[in-house]
1. In the range 5-61, how many are over 16 Å from Tyr88 (Cβ atoms) and in contact with a Lys or Arg (Cβ under 6 Å, 6 or more places away or on another chain)?
2. Take the range 46-81 and flag every residue that is over 13 Å from the mean Cα position of the chain (by Cα) and either within 19 Å of Val28 (Cβ to Cβ) or touching a residue at least 60 places away in the same chain (Cβ under 8 Å) (or both).
3. Just the residues that are under 18 Å from Asn76 (Cβ atoms) and not in a strand (DSSP E or B), please, taken from the range 1-10.
4. Could you check the range 10-37 and list, in sequence order, the residues that are of a type outside the set (Val, Ile, Thr) and farther than 17 Å from Ser82 by Cβ?
5. For the range 47-57, give me each residue that is under 18 Å from Val23 (Cβ atoms) and either of a type in the set (Val, Ile, Thr) or out of contact with any Leu (no Cβ under 6 Å at 6 or more places or on another chain) (or both).
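Throughout, read-outs are computed from the coordinates displayed, never taken from laboratory work. Being a predicted model, the structure only gives us computed values, none of them experimental. FYI the Cβ positions are ideal-geometry reconstructions off the backbone, even for glycines, and counts take in every protein chain you see.
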Amino acid sequence: MSRIVAKKLTSTGAVTTDASVLVGLYFVDGATAGRVQLTDVNGGDTLLDIDTAGDSDNHFLPLPGTVEGRSGLYLNTLTTVSSITVFYRRA
């Protein structure tokens, strides 16, 4: 099993271009509801799509390793979230 890598983003973009398994998210939520969406590469299949609470708080979302980006992980949507750290391991 490969090591866990963390990447912090403040806007949309590539998390990694390697085949990877998502293991968790940490994000700083804004004062109004927002959205976080991860896809398998830019414009690829949606892997994770969550609405945020809009409670101006920090959130950690552990994932049991069942979300896999076969061609990489791409942060497609990031609204009303000031930053997000994506934890993943290479598949």
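1. Residues that pass the stated criteria total 1.
2. Ala53, Gly54, Asp55, Ser56, Asp57, Asn58, Thr80
3. Thr10
4. Ala14, Asp18, Ala19, Ser20, Leu22, Gly24
5. Selection gives Asp49, Ile50.
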